[in-house]
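Q: Just dropping this structure here.
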């Protein structure tokens, strides 16, 4: 009689379940922390090119918005315009074959809806807090964005940075606060709303980065295309609820507006916002969320510098010293991040398996 070979289980059912649970936990952990320091794998030339593009469009749009909002006092409608142009522009890029849509499930689509709500909530809280505190206080508190970004990464992802990176944030934050120093006035509610706005801004930056570098890994332009229509609808709803739509209709009826120049001005603003959004999302993916918040501090100084040359803005010694301190902090931060990148390369070289012959 021949013996029939049978498969023998090497593990008991309980051990098999334990192994499965451990592996599942490992997979979930890897998914959560996947590619957490993606920016260190990007060539410096690519990173600095996108950072320069982001700064250029950001500064131009900031100045453009100051001119537009001087006569167009409807911030929610302006947000609707920006997100509408982002929707139309990215859809046109899709039709021209610049990118292909990823296949998303229900969970991913719900995450996009939640992110669009975060995007809108960030704008809403910022607008509310700005009406309850002085501009210098608001700008000073916004300089804390890098701190909250680090806290979010540390608490949620367990990510830490080098000591030099932490130290570089001190002159970056203090210098930027000195640059925008002025009369500080705020109410208790305004203070709380401003802090909430800073937390939401940092959270939005981190979540944006994880959508593009985490397990989902959406291309920046596709992410912008999927998020923008939702944000546009929410901005339009907020504009309607706050009376901006009715106010805009009244403005058209009671004011003699040249339609062609006004339309061209708004269209130019929307198109510039599209370019900024594309560069912003790409920069966030390639340079990292913390670098984006650092750029926000640096942009404040560059905006003041442009104001000095373009609008004859006068600054005192404190403001001028603040700009110098911020630039010094930016230089230290850049050096720290380059060192972090080189350190990661060395670690990868050490642990890289050698080919066996």
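Q: Residue 45 to residue 71: extension gain in nm, 0.36 nm per residue of separation minus the Cα-Cα distance?
A: Full extension from residue 45 to residue 71 adds 5.4 nm.
Q: List the residues of the stretch 54-91 whose backbone N lies under 17 Å from a point placed 7 Å from the Cα of residue 250 along the Cα-to-Cβ direction.
A: 71-77
Q: Let me check against my output: what whole-number percent is the relative contact order of the chain, with C-alpha pairs under 8 Å and at least 6 apart?
A: The normalised contact order for the chain reaches 34 percent.
Q: When a/c reaches 1.5 or more, the comparison of a/b and b/c decides; with that in mind, is the stretch 39-171 rounded, prolate or oblate per its Cα gyration tensor?
A: rounded
Q: With the alpha-carbon atoms as the only input, what is the per residue convex hull volume for the stretch 225-264 in Å³?
A: Hull volume over Cα atoms, normalised by residue count, gives 65 Å³.
Q: Taking only DSSP H segments of four or more residues, each worth -39500 (n - 2.57), what value at 222 nm results for the chain once the sum is divided by all its residues, to the nearest 500 deg cm²/dmol?
A: Here the helix-only value at 222 nm equals -26500 deg cm²/dmol.
Read-outs: derived from the displayed coordinates by stated rules, not from any lab. These numbers were taken from a predicted model, which means no experiment stands behind them. Positions of Cβ are generated from backbone atoms using ideal geometry, with glycine treated the same way; all protein chains shown enter the neighbour counts.
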